Structures are given as structure tokens and as C-alpha cells.
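What follows is one structure encoded as C-alpha cells, with my remarks underneath.
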Amino acid sequence: MKERVQKFGRFLSGMVMPNIGAFIAWGLIAALFIPDGWLGKWGPAETINKMVGPMLSYLLPILIGYTGGRAVGGQKGAVAGALATLGAIASTDSTMFIGAMICGPLGGWCIKKFDEKMEGHIPAGFEMVVNNFSVGIIGGILAVLSIFVIGPACVKITDVLGAGVGFLVDHSLLPLTAVLVEPAKVLFLNNAINHGVFTPIGTAEALEVGKSILFMIESNPGPGLGLLLAYCLAGKGETRSSAGAAAIIQFVGGIHEIYFPYVLMNPIVILGPMIGNICGIFTLSALGGGLVAAASPGSIIAEMLMTPKGGYFANVAGIAVAAVVSFVISAFLLKFFGKDASLAEAQAQVAASKAASKGQAVPAASTGAAVDARDVRKIVFACDAGMGSSAMGATMVRNKLKDAGVTGIEVIHHPVSEIPGDCQIVVTHHELSGRAAQRAPQARIIPIKNFMGAPEYDVLVQELLEAQKGAAAPAPAEVPAAAPEEAPQAEEAAPAGTLLEEKNIILGCAPVTPEEAIRACGRLMVDSGYVDEAYIQGMLDREASFSVAIGSHVAIPHGTNDVKPLIKRTGVVVMTYPDGIDWNGDKVKLVVGIAAKGEEHLEVLGRIVAIASTDEDTDKLVASADAESLFKSLNGLA
């Protein structure tokens, strides 16, 4: 249940968070140029103020709808989501944020389902026509539906929510929301509550009265500051020495997550921030505090930037009261009920929770257990399925260790759910670091952002080299490449020479979206008898978890661990995109689709590592390759 709530919360906040800059721009323009704003009497202010209404009514909802549609249905889903959102906007004069959160994903879902039904049924050469007309027709239908159904329904929902908030305000009960908000932060549901509920309603309220207290319920940095200062006074050892720096980062930088481990060490102290925020909200209500727009991140700087003219005393008082009350209660609880606990263990819990909620990456260069480099005998590269990116990363580091003369260290790859318990170091994608820490609590976790050429590799190799040079005892004997019990099943091996067939090397492809590239790879695999049709969805799910673009202009689409049973036999397909694909901010020119039952594909991946280890290598390869030479090179026949 917790995971489902987190997933829903992530989805809500995922539509708003990428567009928070637009909300801030709207808030700054409103604060400066509305008639009662800081520059409201300035000559051009009246003209500039004309942007405020259209930004709120059209720009912000359409951005949310576009983002929601893209998250579900890719670029075409984004367009359909924006069209559907426009219909909701046209149905009413109310601000249609909630409508956008419904219309955007609905548009993406409809496009996604249409594409699934049409998969393999579009005649060659008609793809662009079908794609464009399907978006136009489906988007147009949804726009009309939104005018008559979704828009009016959202007006009713907004009225109910607004009445609920109004009831809390009128009966002085708004402070009680802190009872839910503060624990939700530790569960990483804060963005869902803040940007999924408070921001839409608060924005509409700010349009009417120029500010809203709802923007400060979750973002108030006072409760977290009070807790961390209490640890400075009543904490012990590492927690006491680290809390001061954490307080500065939390209060000035707005990174509230930094105090979550301190709550997990002593869960009872959650009462401090909870009661502190209750008192802070009460103070803000009494003094008429509030912000003109959402403050993101929740730092004192952002709070002050979003404070309207004449509102500084109320807002500063609300933050200060929250901090003082949180400090007093947290210090009391720590002194009389606190217990000694490990900050490292608590940070690992936070990393695991955040990874489970697909939240921010673990910021540290490495986490988990402290490991002496002289004791390292096994390094595991872990990814979701353990067949693609982790295998290439393991190959790169294995080669680097060999070149550096480091011996006695086994480098293997595994799914993150199957990390062996005897490893000392786990290298994994930063979004999987929490799961890796749970699976291998004894190991040092090194989170990276891509598996090809990560700078952490050279640092690790140098560390291990220096450790071996400085060791008193000679290095142990070479460890075999894989333990016998971990060897792949021989009967599943593909016949030699069939892993990459020349017909499955497609050169000079026109630029497409990442989703279209993945589907194209999947279609080649299906047509070649490597996988069942449903494996394609597993490939898309893998990309949705985190990008299969691994650096060096290379992407390796493959399925999740759950769809491995859908693989009929191991096979590899290759597609080149000379003009490059914009892969969620990364450039990709070489796409290698993988379906692997065992370890047979590793030779092909190893050869890719050898010839495409840098951006320049890949660009040169893609520009000059022909199907025959690439076939021979990757199959070891050249």
C-alpha cells in the first residue's frame, strides 16, 4: 500500500516539479507588477501585468498537461495531453490545474494504447501519417470531452477542496495539516502533498488575494531547522558534530531531506517538527502570512523571494516560531527519550526509501558499509536486469584493473535483486543505490550516473592499486571470472554466430524519440524469434525506471528482470542514428538491443566497450560503419 501511495504521489509531483520554474516566474511577475506589487506603480507595470492572467489560465495548466502526457505516452502523448488540457481550460474561467493533472495522463494513455494496438500493422512509409493523424484525432476528441465532462467535473472537485481548506481556515484547524505533512516528508510524499494539492489551490487563492498560506505549510524550513539545532545541543557523537552543517544546508539550501535520517534514528523526535509546524501555521494564520507562489526548494531564500510586499514580519515570525518550538520539543525528547543510533544506518534507510519512491539520487559519492580497499576481493556491478548496462560497466572496470596491474579482484555483474552477500563493493546506477544497500548491507555502494566511462571508475581503480601496493602481504592468487554456482545454464546458450545477425544491423536511421527507438529494437527481436511480443513492454518499463542511455552516445535497451521468461533465445540487434537521438538530455547514436538468457552476449558487449568507449569513438564508428564490417567486428570475425 505504501508503495502504491508513493507511486501515485511521485506521479502527481512529477507533473508539477519539472515546471516549477514557470510557477516561480509567474509568482515573481505577479509580486512585482500587479497593481499592489513592488513595482505596481511603475510606468510599464500595467503592460507587463497583462501576462499574469494568461500565464495562470493557459501556460501553467498546459505545461502540466503536456508533462503528464509525456510521462505516460511519450512526445505524442504530450501533445494529446496538452490538447485535452486546453479543452478543460476552455470549459470554465477557473484555474484548471486539477484538470491538467487528469487530461495530461489521459491523453498519454490513449496514445499509448492506440500505438500498442497498431504495433506491426502500419504499412511501411505511412508511419508519420498515422502518428500525426492519430495524435490530432485523439487529442481533438479528448479536447471536446474535456469541455463537457472533465472541465466541469474538475470545477466541482476544486470547489470541494477549496471549501475544505476554507473550513479549516474558518475554524482555525489549518495547523492540524502538519500532523500529516511532517510524517509524509520522511516517507517522501511531501512533493505529492505540496505540489499535488497545496500548489494548485494556493495558486488560485493567490490570484484572488495576492498570497496564500498554503505555499508555506510544507516548505517552511523552520521545523527542520529546530530539529537539527536540537541535535547540535542534545545529540551525541557523529550526529552532534554533523547536525550543524546539516542545519545550514537545510535552512539556506532548502534540502529538507537532509534531516530525515535524524528522524529515523529516533522516530519519537518527529513530534518536534510536527508541533513546531502546527505552531508556525497558527502564527502565519494569525498574522496573515503567506507567499505569492510556491517556494521551491523550501529554503529561507526562496521563502523571502516569494513573500509579498508587507508580508515579511508575518512570514519570518511563522518560520521563527516553528523553529523555536521544534527545537525545544526535539531537545527535550532527545535528552530523555533519545537513544544512541548510527547515522550511517539511518542514511541508508533514507536512501532506500528514496530509491523506492524514485525520488532524488543519493548525493554521496559512495554509501553503505565502510570497506578497507585492501580487503576487496569481489566487485559487483548491479542493474535492474543484470544483462546490459551492468555487464558493460563490469567489462570496463575489469579491463581497467587488468591494465593497472591490479590482481586478485573478481568483477561480476548481477541484477540488483540478486547481489551476492560476499561482495565488498557494489557499483550501481544512483537510482538503484537504495535497493543495493538493502540487498548488500555489508558492502560499500558506489552510485554512478552512467555505466560507460563513469569518472568513479578511475578513482576506484587508483584506490585499489594504491591499496595493493601498500599492502604488507602479497596479493592473493587470481580469482576466477565467475564462481561455479553462478555460471549460466549451458543448455540456454545460443549457437555461435547467431547472437548478432547481419539482417539485424540497421544503419543510418532517422532521428526518433527514445520510445520509438526502443520499440524498433523490440520489433527486430520479435521478428528474429528472440523474444515474445510482450518483451517490448518490459523494455519500455526498464527505460521508465531509469534511462538505458549509458554514456558515450550509446543506449542498450533491454527488458526488466521480470520479463526474462519472455526471452526465447539470446540475441542482439544494432541500430545507428548518425544525427543522434535526444535521449532525455543525453545524445545517443548507437542503439544496441539485448535479449539475454545467459551470459553469451557478453562477448558482443565487450567488443562494443572496446570500440565505443568514448563519445568520439562512437561518433566515428557510426559515421563510417557498414553492415558487413560491423557484423564481423562485433561477432569477433574481423
- At 7 Å along the Cα-to-beta-carbon direction for both Leu465 and Leu173, put a label point, then send me their distance in nm to one decimal. 6.7
- Of Lys112/Lys185; Lys117/Lys589; Lys156/Lys211; Lys50/Lys112; Lys400/Lys632; Lys564/Lys632, which sit over 30 Å apart, Cα to Cα? Lys112/Lys185; Lys50/Lys112
- Positive minus negative residues near Ala627 (Lys, Arg vs Asp, Glu; Cβ under 14 Å): -2
- Rounded to whole Å and sorted largest first, what semi-axes of the equivalent ellipsoid does the C-alpha gyration tensor of region 527-600 yield via the square root of 5 times each eigenvalue? 22, 14, 10
- How far apart, in nm, are two points set 7 Å out from the Cα along the Cα-to-Cβ line at Val160 and at Ala22? 2.7
- Gln537 paired with Tyr58, simple spin-label distance in nm, labels 7 Å along Cα-to-beta-carbon: 3.9
- Item | Likely footprinting exposure, Leu207, Leu229, fewest C-beta neighbours within 10 Å first | Leu207, Leu229
- Sequence order, region 272-287: Karplus ³J(HN,Hα) from phi using 6.51 cos²θ - 1.76 cosθ + 1.60, θ = phi - 60°, Hz rounded, Gly and Pro as x, gives x, x, 5, 5, x, 5, 4, 5, x, 5, 4, 5, 4, 5, 5, 9
- Query: What trypsin sites (Lys or Arg not before Pro) in region 34-123 are in a loop by DSSP, with at most 16 other Cβ atoms within 10 Å of the Cβ?
  - Reply: Lys41
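Suppose the chain between Thr513 and Ala153 were pulled fully straight at 0.36 nm per residue; how much longer would it get relative to their current alpha carbon spacing?
Once the chain is fully extended between Thr513 and Ala153, it gains 126.2 nm.
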- Message: Please give me, ordered by residue number, the chymotrypsin sites (Phe, Trp or Tyr not before Pro) of region 90-139 that lie in loop per DSSP and have at most 14 other Cβ atoms within 10 Å.
- Response: Phe126
- If each residue's Cβ is checked for other Cβ atoms within 10 Å, how do Ser433, Ser94 rank with the fewest at the top? Ser94, Ser433
- Put in order of increasing Cβ neighbours within 10 Å, starting from the fewest, Ile147, Ile611, Ile518 give Ile611, Ile147, Ile518
- Task: Return the FRET efficiency for the residue pair Lys113, Ile611: r is the Cβ-Cβ distance, R0 is 45 Å, and the value is rounded to the nearest 0.05.
- Result: 0.70
- Message: Over 25 Å between Cα atoms: which of Lys587/Lys620; Lys402/Lys597; Lys568/Lys620; Lys378/Lys449 fall into that group?
- Response: Lys402/Lys597; Lys568/Lys620
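No lab work stands behind these numbers, since they all come straight from the coordinates. Keep in mind the model is a prediction, meaning the values are calculated, not measured. Cβ sites come from the backbone with ideal geometry, for glycine too, and all protein chains shown count toward neighbours.
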